[in-house]
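Beneath this line is the structure, given in structure tokens, with notes to follow.
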Amino acid sequence: MKFIIADDHPLFRDALKRTVASLFPMAQLIEADTTASLQQRLEAADDLDLLLLDLHMPGSSGFSGLVHVRARYPSLPVIVVSGNEEPSVMRRAIAHGASGYIPKSSSLEEMAQAIAGVLDGDVWLPASAAGSQQTQLAPDEVDIAERIRDLTPQQFRVLMMLADGLLNKQIAYELNVSEATIKAHMTAILRKLGASNRTQAVVAAARLQLDPSMRMVEVIEED
């Protein structure tokens with residue numbers, strides 16, 4: 001079996017590795033510490049059985065990383081791992097396609113139960129959220145999730161860098177491409193998101209924040 005463990009915190013990533021290894025001693029464990037490295041691992045691997053995904057991975061924002069992964073790899077079960085223990089956040093993760101949710105405060109036994117349950121085809125939530133009412137996503141959140149699913153991996157990376165406040169020339173430098181390429185990506189991103197400018201694109205992406213009230217960084221408009 002093959003598992004991807006995607007978390008930027010090395011200590012928690014190691015804890016997940018030990019838990020998975022104890023359940024499946026012969027499993028191949030693949031690690032990623034950023035959204036970009038996760039995309040590379042997903043593209044390079046085949047016959048994956050499970051992804052353990054941190055919601056706060058560098059290179060993604062809120063539920064955006066989960067939404068994009070689920071769109072490109074719909075048959076791959078995803079368990080979200082997060083320090084956020086709000087039942088509403090857990091239920092929203094499930095509504096966005098996660099098969100399970102593991103709070104980072106969980107015991108190794110609870111982690112093992114979650115992994116085993118999801119691999120058996122179940123949806124797993126901790127007791128604090130399992131009995132709560134099913135979360136219905138707001139129409140605008142459903143709409144932007146559907147639009148983000150249509151972005152290519154490179155367009156997704158550009159959008160997340162844009163949300164972090166980077167200018168076109170900075171994004172081009174980080175991705176080692178020309179500014180003209182970034183402008184072409186921006187044109188496609190705006191079209192797919194139904195936005196007319198960079199600010200609207202960032203506001204749209206902000207709808208997938210864990211806390212919808214969280215403010216995004218100021219976006220500087222460029223020609």
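Throughout, read-outs are computed from the coordinates displayed, never taken from laboratory work. Bear in mind that the values here come from a model prediction, so they are computed numbers and not experimental data. Backbone-built Cβ (ideal geometry, glycine too); neighbour counts: all protein chains shown.
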| In nm, spacing of pseudo-spin labels at Leu108 and Ala45 (7 Å Cα→C-beta vector) | 2.1
| said: Highest mean first, how do 46-55, 106-115, 155-164 rank when packing is the count of other Cβ atoms within 10 Å averaged over residues? | reply: 155-164, 46-55, 106-115
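Size of the dipole of the chain about the Cα centre, Lys and Arg at +1 and Asp and Glu at -1 on the beta carbon, nothing else charged, in debye to 20?
Numbers: 20 positive and 29 negative charges, 63 e Å.
Here the chain has a charge dipole of around 300 debye.
Over the range 139-206, what is the relative contact order in percent, taking alpha-carbon pairs closer than 8 angstrom and at least six residues apart?
Details: 46 pairs, mean separation 25.6, N = 68.
It comes to 38 percent, rounded to a whole number.
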| Does the range 1-74 classify as rounded, prolate or oblate by the C-alpha gyration tensor (a ≥ b ≥ c root eigenvalues; a/c under 1.5 gives rounded; else a/b over b/c gives prolate, otherwise oblate)? | oblate
| the chain: calculated mean residue ellipticity at 222 nm from DSSP helix runs of at least 4, using -39500 (n - 2.57) | -15000 deg cm²/dmol
| note | Of the range 86-113, those with amide N under 13 Å from the point 7 Å along the Cα→Cβ vector of Phe12 are 86, 101-107
| remark: HN-Hα couplings for the range 48-55 via Karplus (6.51, -1.76, 1.60; θ = phi - 60°), in whole Hz with x for Gly/Pro, come out as 6, 9, 6, 10, 9, 10, 7, 6
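Please say if the range 2-130 is rounded, prolate or oblate, where rounded means a/c under 1.5 for a ≥ b ≥ c the square roots of the C-alpha gyration tensor eigenvalues, and otherwise the choice is prolate for a/b larger than b/c and oblate otherwise? Before the final figure, lay out each step's value.
Details: a/c = 1.31, a/b = 1.08, b/c = 1.22.
Rounded, since a/c falls under 1.5.
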| query | Assigning unit charges at the beta carbon (Lys, Arg +1; Asp, Glu -1) and nothing else, what dipole magnitude in debye, to the nearest 20, does the range 53-145 show about its Cα centre? | reply | 180
| Count the lysine pairs in the chain that are 8 or more places apart or on different chains: how many have C-alpha atoms under 20 angstrom apart? | 4
| Cβ-based charge dipole, the range 1-128, positive-most Cα from Leu29, Ala112, Ile94 | Ile94
| Measuring from label point to label point, each 7 Å out along Cα→Cβ, what is the Leu167 to Asp150 span in nm? | 3.1
| query | With each pseudo-label sitting 7 Å past Cα toward Cβ, what's the Thr34-Ala138 distance in nm, one decimal? | reply | 3.1
